[in-house]
Amino acid sequence: AQKVTQAQTEISVVEKEDVTLDCVYETRDTTYYLFWYKQPPSGELVFLIRRNSFDEQNEISGRYSWNFQKSTSSFNFTITASQVVDSAVYFCALSLAGTASKLTFGTGTRLQVTL
Amino acid sequence: EAQVTQNPRYLITVTGKKLTVTCSQNMNHEYMSWYRQDPGLGLRQIYYSMNVEVTDKGDVPEGYKVSRKEKRNFPLILESPSPNQTSLYFCASRLGQGGYNEQFFGPGTRLTVL
């Protein structure tokens, strides 16, 4: 069975600091997909990124970047120059390739960005 | 606008009083599912459906029922709610049946069972 671990329960930073959210996953499948979702205080889940297991290229989108390393089974998320609007709970999730596959979520990391 | 809608958004009820949370999507997605979110546990899948009349249990199905009579709707039924079902519930849908596809989530339903 697959598992996702987000060891950081809560992180507090001051605005403009860089912050990295850790995600470690476990699966025996060779084909799988990794996701990050953001849950702002309003409660909805916002899709941020998807990465498949065959693509280890890092990705950058504005102030966000993702570092996927199969060797350490990690898919870490970095926010550069954090802003107050980045305050949210961030979830890492894993999905397998099967037709009935679900998203297996980590427990989430609450990020608090203060002025 | 492509979206997943849920109703109600907030519900306070009492133990044993049957309730239904509705979920509807307008994207013609085959796959729909329900998750519950609890502090320290993340989101866990309750039930899922791969198409009309095809449903199956997720990780935490006890105390819940679902049906999929139409492609767009996937209601979650609590026949006899108990306090341990107090939670934040999300409905989700995705295109096709592969894990690659992004799941679109509804806005959530916050349920309190007294």
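The values are calculated or read from the model by the stated rules, or taken from the named source; none is laboratory data. Computed from a predicted structure; not experimentally measured. So basically every Cβ, Gly included, is an ideal-geometry build from the backbone, and we count neighbours across all protein chains shown.
Which one is farthest from the other protein chains (Cβ to nearest Cβ), of the residues in the stretch A:101-115 that are in a strand (DSSP E or B) and closer than 21 Å to A:Tyr32 by Cβ? Let's see the steps before the verdict.
Filtering the stretch A:101-115 for residues in a strand (DSSP E or B) gives A:104-105, A:109-114.
Going one step further and asking which of them are closer than 21 Å to A:Tyr32 by Cβ, we end up with A:104-105, A:109.
On the way: A:Thr104: 8, A:Phe105: 4, A:Thr109: 10 Å.
Applying the filter and picking the extreme gives A:Thr109.
Let's see how each residue does on (1) surrounded by fewer than 21 Cβ atoms within 10 Å (Cβ to Cβ); (2) β-branched (Val, Ile, Thr); (3) modelled with pLDDT of 95 or more:
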position	(1), (2), (3)
A:Glu26	yes, no, yes
A:Ser42	yes, no, no
A:Ser61	yes, no, no
A:Ser82	no, no, yes
A:Ser87	yes, no, yes
A:Thr99	yes, yes, no
A:Leu115	yes, no, no
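Quick check: anything in the stretch A:56-63 assigned to a strand (DSSP E or B) and within 10 Å of the chain's Cα centre (by Cα)?
no
Specify the residue that is modelled with the lowest pLDDT; the eligible residues are those in the stretch B:32-45 that are in contact with a Phe, Trp or Tyr (Cβ under 7 Å, 6 or more places away or on another chain) and at the interface with chain A (Cβ under 10 Å from one of its Cβ atoms).
As a first pass, look at the stretch B:32-45 and keep what is in contact with a Phe, Trp or Tyr (Cβ under 7 Å, 6 or more places away or on another chain): B:32-37, B:42-45.
Still in the running and at the interface with chain A (Cβ under 10 Å from one of its Cβ atoms): B:33, B:35, B:37, B:42-45.
Values: B:Ser33: 96, B:Tyr35: 98, B:Gln37: 97, B:Gly42: 93, B:Leu43: 96, B:Arg44: 96, B:Gln45: 96.
So, considering only residues that are in contact with a Phe, Trp or Tyr (Cβ under 7 Å, 6 or more places away or on another chain) and at the interface with chain A (Cβ under 10 Å from one of its Cβ atoms), the one modelled with the lowest pLDDT is B:Gly42.
Among the residues of the stretch B:86-112, which ones are surrounded by fewer than 20 Cβ atoms within 10 Å (Cβ to Cβ) and either under 14 Å from B:Val21 (Cα atoms) or touching a helix residue (DSSP H, G or I) at 6+ places or on another chain (Cβ under 8 Å) (or both)? Break it down into steps so the answer makes sense when it comes.
First, the residues of the stretch B:86-112 that are surrounded by fewer than 20 Cβ atoms within 10 Å (Cβ to Cβ): B:86, B:88, B:95-98, B:100-102, B:104, B:107, B:110, B:112.
Selection gives B:Thr86, B:Leu88, B:Pro107, B:Arg110, B:Thr112.
Please name all residue pairs, on different chains or six or more residues apart, with Cβ atoms under 8 Å, provided the first residue is in the stretch B:97-114 and is more than 16 Å from B:Asn73 (Cα to Cα) and within 9 Å of chain A (Cβ to nearest Cβ) and the second residue is outside any strand (DSSP E or B) and at pLDDT 95 or above.
Filtered contacts from the stretch B:97-114: B:Arg110/B:Arg9.
I need every pair where a residue in the stretch A:40-62 that is among the aromatic types (Phe, Trp, Tyr) has its Cβ under 9 Å from the Cβ of a residue that is part of a loop (DSSP other than H, G, I, E, B), sequence separation at least 6 or different chains.
A:Phe47/B:Glu102; A:Phe47/B:Gln103; A:Phe54/A:Thr30; A:Phe54/A:Thr31
Among the residues of the stretch A:70-104, write down those that are touching a residue at least 12 places away in the same chain (Cβ under 8 Å), touching a strand residue (DSSP E or B) at 6+ places or on another chain (Cβ under 8 Å) and among the charged types (D, E, K, R).
Matches in the stretch A:70-104: A:Asp86 only.
How many residues are farther than 21 Å from A:Asp55 by Cβ, in a loop (DSSP other than H, G, I, E, B) and within 14 Å of chain B (Cβ to nearest Cβ) if we restrict to the stretch A:68-100?
Total satisfying the criteria: 2.
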